[in-house]
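The values are calculated or read from the model by the stated rules, or taken from the named source; none is laboratory data. These numbers come from a predicted model, not from an experiment. No Cβ is skipped: glycine too gets one built from the backbone with ideal geometry, and neighbour counts run over all protein chains shown. Just the protein is used for accessible areas: all its heavy atoms, side chains included, with ligands, DNA and RNA removed. Shrake-Rupley method; radii C 1.70, N 1.55, O 1.52, S 1.80 Å.
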Amino acid sequence: MTGEKPKPGEDPRKALGRILPSHIQFARAAVNNVWAKLLVVGLVEPTDGFDLNRLDPKNPPPKPWTLQPANPELLQALAEDFRANNYSIQHVIKTIMKSNAYQLSTSFRGEWKLAYIPCFARRFVRVLSPVEAVDMVAQATDQPYEIKEVRGTVGNRAEKLEVPFNYVSQLFDPVAVKGLERPGSENLQIYAFMQAYYQAERTTPPIDKNVATPVQAMMMMTSPLVQKRVKAEGTTRVAKLLQAGKSDDQVIEELFLATLSRHPKTDEVDVAKRVIAKDRTIGFEDIQWALLNTTEFLVNH
Amino acid sequence: MVKRLEEMSRRELLKLFGISVGAVIADSAAWPRNVQAQSKKITPRGTARNVIFIQNCGAMSQNETFDFKETKWTAKDLNIQKVNSEFLISKTLFPQYERWAPKAAVVRTLWENSLVHFTGMYHSQAGRAFNPAIIREVPAFGSVVAYELEKDRKPSDTFPTYMSVDLWNTRCPQIGSGMLHPKFAGLDLNTSTVFDSFAGGDAKAEVDLARRWEVLNRISEASPSGSGNTLGGKADEYGAHYEYAYKILMDPRFKKVLNVTDEERQRYGVDKDKGTCKLGLAMLLARNVLASDAGTRFMWVSNAYNGNNGAADNHDQIYGRGALAPRGFLLPIYDSVPRLDAAVGSLIEDLSKMPGKEPGKTMLDETMVVIGHEFGRTPDMNLNFGRDHWGPAYTDVFIGGGVKPGRMIGRTEGGKSIDHGWAYKQQPMKDHVTATVYSALGIDYSKKFEKTPSGRAYEYQQTAPLGGPSFIPLTDIAELFV
């Protein structure tokens, strides 16, 4: 983009590393990626589809063309700030997270209009990633996985792990849980769950994963991974809370905190108490199951 | 700085559509708009009520199977039989060919310009060539089928019109519904997990689910975010999907779909199948879903085996057995073809014995079964005694649903078409297979969506030039039916 070539005798890779960031587009693309990751939608979309002729607010393209970024001045300012701070990703993340736009609620008072989207006038909800979805079930129910072996990178063979992984996010490649099913192992169920969330393989092209489907609902409602973890048996959260002799209010409070990261409202406590009135154990199992299936749990908001 | 919609670029609109889909098309009639027929007068055939589309992943060699050609490399033990004067078949590879081959019609001169498994599979699933610029808005053509057949759905229908089996484990997984409402996205069943995940439910499990559903609704009503409607976007979609999913899970017909006997497993070759995805189970699910008459009309079945390109990607040792057998994801043709034969043969046999919806008709009369491929395999062997990707001529198979048995369309020599076998100068392509499926289901494939997120019209059957200067003829493969 700059037209510059490696200096005589210069290592071409080092030259690429020197020349590439010297163009402001490097910084623009980088901050736009961070923005898109944090705010669900980038200032330029798709994030790999920049049109260099439509980025400069001081030099707009001739009509009918329009400037490409949702907010060209903001994109430029973030890019220049990124460059001025030694290309620190941490600095960009901090800057964005301190902004009003990032801190807005997903709830929007008033009538929402499509045209507000480029203004980032609310937080955008997104579907959980495959790994987030499957790990959050384990985390909310306090029942981590025991991934004792993974598919190795060589020859497609199983590799036994000396120390089992408890969460898929600990794996270098989440796809490694695929295809290894042993008695008592949950590997394939974990992979099936992630598949419902469009877990891509390394060799497959990215499909837009921000898609809610009925299969995700079916999985969350009936997958053995979930069924087992909502039961008041063994070391699940429900089992431990009941064994600890906690009061109804305390158990309800802890289930809401662990699953939805918030305290229950009065109305919710009332509903929960009616649910456990008939059978306390089954009632709390049902509440744990229901909380996992609320839209509040199902989306990143 | 609020941009008006008409000022936004195509790409901005695509993304906006993606994140606000729930709000924009909560009413399924709201999008797409301006569905119009093209100028050419098309009368769809309407010969089939259902379609089962089998994607034979990996591009099984036509040279040993559906367009047999004996060359100096051909194995001597293939035991070639004559189905009809133009259809030779190996009894070694297809020991049960008599159950399906006499009912089959074959198109041998299909042409594909993209010789990559992903793009080939994408082309099959989307019914159009891969174009990254509009990937978000392009639906699977099964989704378009579902959109078109929505008007035929009954209140008792709980299954989606478009379902698939083992699409998840292919080189090109579910494309989704693109610009169409998410309810047309298709429901993909995974043969390696669907039985464990959903079949185990007994009467108690149903009682439990019904009770928990009630708890979920009560908690959602009391929740500050309600059923998610203040969150907007994706949260709105989940509300609709949960209603859908609950109805399916509580429908006894879904349990019946998952009820597979030992005799059926044996007959469909399930027990011999070492793949993660078992083709016999996929066929049984397809059969059972259609037989349940719960709303599904279009079944996509992926012969995925162990994922990646599929078991038939025989670049090495196509006849390899023992120490020479191909490894990893692949099977020698002595294993991959009998596996297909057992599953397809049993499916066709069963469909031909099951009563159709119309008196006097069988399920096979009302169901078009297609065996599709990404592309073909080279007529010559490579140095590893395998066959590589080949676009000039490949073969798809059609059975039932109004297809005339025994039709052999097109002739090839040296891997190239010497007689296209139909009315056009160009060879037939995947787009014509797509049009054939639409046509058989009574859908006018000349329609197009004029208003799309990108602004480009979406033709049901793609006609834009592909890999050459000529427009693709707008037609189904009429010769299959006459």
| Taking Cα atoms, how many degrees apart are the long axis of helix B:117-126 and the longest axis of chain B, rounded to 10 and kept between 0 and 90? | 60 degrees
| task | Could you pull the Cα extents of the stretch A:51-130 along its three principal axes, largest to smallest, in whole Å? | result | 37, 36, 27
| request: For the stretch A:1-36 and the stretch B:381-415, compute the distance between their C-alpha centroids and round to whole Å. | output: 49 Å
| task | Calculate, for chain B, the solvent-accessible area per residue in square angstrom, rolling a 1.4 angstrom probe over the heavy atoms of the protein chains. | result | 36 Å²
| said: Rounded to two decimals, what is the ratio between the C-alpha radius of gyration of chain B and 2.2 N^0.38 Å? | reply: 0.99
| Taking the stretch B:71-156 on its own, what percent of its Cα-Cα pair distances exceed 19 Å? | 65 percent
| task | Take the stretch A:1-80, compute every pairwise Cα distance, and split them into 5 Å bins from 0; I just need the percent in each bin. | result | 3, 15, 22, 20, 16, 12, 8, 4, 1, 0
| Projected-area mean, the stretch B:324-381, by convex hull of Cα positions, square nanometres | 5.9 nm²
| note | Taking Cα pairs closer than 8 Å and at least 6 residues apart, the relative contact order of chain A in percent is 13 percent
| note | In whole percent, the Cα-Cα distances of chain A spread across 20 Å bins from 0 upward as 25, 48, 24, 3, 0
| task | Work out how far the C-alpha atoms of the stretch A:208-301 reach from end to end along every principal axis, then list the three figures in whole Å, largest first. | result | 45, 29, 21
| field | Heavy-atom accessible surface that B and A bury in contact, both chains counted, 1.4 Å, Å² to 100 | value | 6200 Å²
| note | For the stretch A:75-168, the accessible surface attributable to carbon and sulfur atoms (probe 1.4 angstrom, ligands and nucleic acids excluded) amounts in percent to 50 percent
| message | Among A:14-26, B:374-386, how do they line up by average Cβ neighbours within 10 Å per residue, starting with the highest? | response | B:374-386, A:14-26
| query | So how far, in whole Å, is the C-alpha centre of the stretch B:251-270 from the one of the stretch B:332-354? | reply | 16 Å
| task | Please give the residues of the stretch B:67-103, grouped as numeric ranges, whose backbone N is less than 13 Å from a label point set 7 Å along the Cα-to-Cβ vector of B:Arg321. | result | B:75-79, B:92-94
| Interface residues, the stretch B:239-256 - accessible area loss of 20 Å² or more versus chain alone, probe 1.4 Å | B:His241, B:Tyr242, B:Ala245, B:Leu249
| task | Would you work out if the stretch A:1-146 is rounded, prolate or oblate? Take a ≥ b ≥ c from the square roots of the eigenvalues of the alpha-carbon gyration tensor; rounded if a/c is under 1.5, else prolate when a/b is larger than b/c, oblate otherwise. | result | oblate
| said: Calculate the FRET efficiency for A:Ser105 and A:Asp48 from the Cβ-Cβ distance with a Förster distance of 41 Å, rounded to the nearest 0.05. | reply: 0.90
| query | Going from the alpha-carbon gyration tensor of the stretch B:262-355, what semi-axes, largest first and in whole Å, does one get by taking the root of 5 times each eigenvalue? | reply | 28, 14, 10
| message | With a cut-off of 8 Å between alpha carbons and a minimum separation of six or more residues, what is the relative contact order of chain B in percent? | response | 29 percent
| note | Relative to chain B, whose Cα atoms define the longest principal axis, helix B:203-222 and its Cα axis are tilted in degrees, nearest 10, by 40 degrees
| task | Could you estimate the translational diffusion coefficient of the stretch A:233-284 from the Stokes-Einstein equation, with Rh from the Kirkwood formula over C-alpha pairs, at 10 °C and 1.306 mPa s, in whole µm²/s? | result | 142 µm²/s
| note | Cα gyration tensor of the stretch B:402-482 diagonalised, 5x eigenvalues square-rooted, in angstrom largest first, produces semi-axes 26, 18, 8
| message | Over all directions, how big on average is the projection of the convex hull of the alpha-carbon atoms in the protein assembly as shown, in square nanometres? | response | 37.9 nm²
| request: Once you have the Kirkwood Rh of the stretch B:152-207 from its Cα pairs, apply Stokes-Einstein at 10 °C and 1.306 mPa s and quote D in µm²/s. | output: 119 µm²/s
| request: Would you please give the FRET efficiency between A:Ser185 and A:Ala258, computed as 1/(1 + (r/R0)^6) with r the Cβ-Cβ distance and R0 = 35 Å, to the nearest 0.05? | output: 0.85
| So how far apart, in nm, are the two label points at B:Glu450 and A:Glu162 if each is 7 Å from Cα heading toward Cβ? | 6.9 nm
| remark: Using the Cα gyration tensor of the stretch A:107-160, the equivalent ellipsoid's semi-axes, largest first and to the nearest Å, work out to 41, 17, 6
| request: Mind pulling the per residue volume of the convex hull built on the Cα atoms of the stretch B:319-431? Å³ is fine. | output: 142 Å³
| Can you pull the Rg over Rh of the stretch A:74-172, Cα-only, Kirkwood? | 1.15
| request: Relative to the longest principal axis of the C-alpha atoms of chain B, give the angle of the C-alpha long axis of helix B:333-353, reported between 0 and 90° and rounded to the nearest 10°. | output: 60 degrees
| remark: Among the Cα-Cα pairs of the stretch B:111-239, the proportion with separation greater than 19 Å, in percent, is 65 percent
| field | Counted charge near B:Pro326, where neighbours are those whose Cβ lies closer than 13 Å (Asp, Glu -1; Lys, Arg +1) | value | 0
| note | Note to self: with every protein chain in place and a 1.4 Å probe, the stretch A:15-144 gives an accessible area per residue in Å² of 50 Å²
